[in-house]
Amino acid sequence: MNLQLKITRATVVLTNHGKDRISLDTEYPSPTPKVDPEPLSLTFEAEKGTGVEYVKNTFGIEPEVIDARTEVNFKFSRKE
């Protein structure tokens, strides 16, 4: 079987959680049109730091990159 995906947009979300989240929007109809009329979107994860290159190499497109990594710097102080 040779499946040709019709991708309209690719997004890679960089996170602190050890994985990159990849979403591919397609031209295919929604599997739940009464609930969500947006076209089919496929979402999966890649190893941290590899998502952008994976999309470029596998699908031949430049993804939109969202950097959702945060620096956590909590400073606790004691109220007197």
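General observations
- Count of region 56-65 residues which are surrounded by 14 or more Cβ atoms within 10 Å (Cβ to Cβ), at pLDDT 95 or above and in contact with a strand residue (DSSP E or B) (Cβ under 8 Å, 6 or more places away or on another chain): 2
- Checking each residue in region 18-37 for being touching a residue at least 12 places away in the same chain (Cβ under 8 Å) and loosely packed, with under 11 Cβ neighbours inside 10 Å picks out GLY18, GLU27.
- Matching entry among GLU38, GLU53, GLU80, GLU71 (being modelled with pLDDT of 95 or more and of a type outside the set (Lys, Arg)): GLU53
- Filtered residues of region 38-53 (kept if β-branched (Val, Ile, Thr) and surrounded by 14 or more Cβ atoms within 10 Å (Cβ to Cβ)): THR50, VAL52
- The residue of region 5-16 that is modelled with the highest pLDDT, among those that are over 14 Å from ILE61 (Cβ atoms) and either of a type in the set (A, V, I, L, M) or surrounded by fewer than 12 Cβ atoms within 10 Å (Cβ to Cβ) (or both), is VAL13.
- Looking across region 22-46, just one residue is outside any loop (DSSP other than H, G, I, E, B) and over 12 Å from the mean Cα position of the chain (by Cα), and that is THR26.
- For region 17-47, the candidate set comprises residues that are touching a Phe, Trp or Tyr at 6+ places or on another chain (Cβ under 9 Å) and among the small types (Gly, Ala, Ser); within that set, the residue that is farthest from GLY60 (Cα to Cα) is ALA46.
The values are calculated or read from the model by the stated rules, or taken from the named source; none is laboratory data. Everything numeric here is computed off the predicted structure, so don't read it as measured data. A quick note on method: Cβ atoms are made from the backbone with ideal geometry, for glycine too, and the neighbour counts reach across all protein chains shown.
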